[in-house]
Amino acid sequence: MSRFGFVALALLLPVSVEAADFKAPVAEVMAAATANWQDMGTDTDTPPPYTDYFSEDFLKRLYSKDFVAKYKEAAKFPAYDDGGSPFDYDPIIGGQDGCALKDVATAEGQPANGAEDVTVTFDNSHCFGERASDWQPEKLVFKVIEEDGRAVIDDIERPSFEDGASLKKEMLEIAEAGANGGSGSAAESPE
């Protein structure tokens, strides 16, 4: 076959180059957060089943290998004696108390070198009454990378926390404190 024939054949073959959907893992985590924090009609209503942001299924599908390794090290030192999470608060909403998530907005950055920042803002304090005049919605910056051909969350930065509170950094601190005989400490939200 001539070179022209190879070129023509190559042009006729369908080329499927699919870019990673960087919002997909973030959307799944935020859907879980929204379900976990929905309004209950009355105090006697049964809350929906809790969706663990760090279940084995989520760890396998939504997070990077490095994130998973750091989570598993931190999880060796649960926040409470009965086991479970290394966090003594909800690391997605940024606290132990909150309202149903409202005004959830997601914005993608520009993908570069197989990575992208996906920023999510939401209001989880609307039910607490009057707020300060400088109130801002809660903001999360998901650091999403492409790994093994799919988009996964590599870190979550919480700008309203001290030092931007990288979740991976917090997990590392929990693991180090636990390994040194202390209990892990969660990053503190200013609220």
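Below is a table of values for the structure above.
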read-out: Segment 79-91 residues that are closer than 20 Å to E176 by Cβ and free of Cβ contacts under 8 Å to residues at least 60 places away in the same chain, paired with ones that are of a type in the set (A, V, I, L, M) and in a loop (DSSP other than H, G, I, E, B) (beta carbon under 8 Å, 6 or more apart); value: S85/A79
read-out: Sole exception among (1) at pLDDT below 65; (2) within 22 Å of L101 (Cα to Cα) for A19, by number; value: (2)
read-out: Qualifying residue in segment 143-159 (condition: outside any strand (DSSP E or B), modelled with pLDDT of 95 or more, of a type in the set (K, R) and crowded, with 16+ Cβ neighbours inside 10 Å); value: no
read-out: Neighbours by Cβ (under 9 Å, 6+ apart or cross-chain): first from segment 151-167, over 12 Å from I92 (Cβ atoms); second in a loop (DSSP other than H, G, I, E, B) and aromatic (F, W, Y); value: A151/F22
read-out: Restricting segment 120-147 to residues that are of a type in the set (D, E) and more than 19 Å from the chain's Cα centre (by Cα), the residue that is farthest from A105 (Cα to Cα); value: E130
read-out: Residues within segment 148-174 that are small (G, A, S) and in contact with a Leu (Cβ under 6 Å, 6 or more places away or on another chain), tallied; value: 0
read-out: Failed condition for Q136, given (1) assigned to a loop (DSSP other than H, G, I, E, B); (2) modelled with pLDDT under 90; value: (2)
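The values are calculated or read from the model by the stated rules, or taken from the named source; none is laboratory data. Owing to the predicted nature of the structure, the values given are computational and were not obtained by experimental measurement. A quick note on method: Cβ atoms are made from the backbone with ideal geometry, for glycine too, and the neighbour counts reach across all protein chains shown.
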